[in-house]
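Visitor: A single structure is presented below for examination.
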Amino acid sequence: MVDRPGSARRGRAWQLLLLVPVLAPLPVGLYNRAEPRLWGMPFFYWYQLADALLAMLVITVVYQAAKGRRR
């Protein structure tokens, strides 16, 4: 199987999505607060939970895209 240069760039583009869950929790000052609450949970905690779910989603998407390219 011969890889074309364009397909390698597309593969790296998918991998750049992995930066999203790494960079999202870095600006702590933006989510270091208690309001708004969701089901009684302060914003600080549910933002981190949402970030963990985002990380799982992004990793799954990138994995599936990479798995499809290998075949």
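The values are calculated or read from the model by the stated rules, or taken from the named source; none is laboratory data. These numbers were taken from a predicted model, which means no experiment stands behind them. Because the Cβ atoms are built from the backbone with ideal geometry, glycine has one as well, and the counts that use them run over all protein chains shown.
Visitor: Quick check: anything in the range 36-48 out of contact with any strand residue (DSSP E or B) (no Cβ under 9 Å at 6 or more places or on another chain), at pLDDT below 85, surrounded by 10 or more Cβ atoms within 10 Å (Cβ to Cβ) and among the charged types (D, E, K, R)?
Guide: Looking through the range 36-48, none of the residues is out of contact with any strand residue (DSSP E or B) (no Cβ under 9 Å at 6 or more places or on another chain), at pLDDT below 85, surrounded by 10 or more Cβ atoms within 10 Å (Cβ to Cβ) and among the charged types (D, E, K, R).
Visitor: Something else about it: Just for the range 9-31: of the residues that are touching a residue at least 12 places away in the same chain (Cβ under 8 Å) and among the small types (Gly, Ala, Ser), which one is surrounded by the most Cβ atoms within 10 Å (Cβ to Cβ)?
Guide: ALA24
Visitor: Tell me which residues, restricted to the range 32-71, are more than 30 Å from ALA13 (Cβ to Cβ), without any contact (Cβ under 8 Å) to a residue 12 or more places away in the chain and in a helix (DSSP H, G or I).
Guide: Filtering the range 32-71 down to residues more than 30 Å from ALA13 (Cβ to Cβ) leaves 32-46.
Now drop any that are not without any contact (Cβ under 8 Å) to a residue 12 or more places away in the chain, which leaves 33-42, 45-46.
The answer is TYR45, TRP46.
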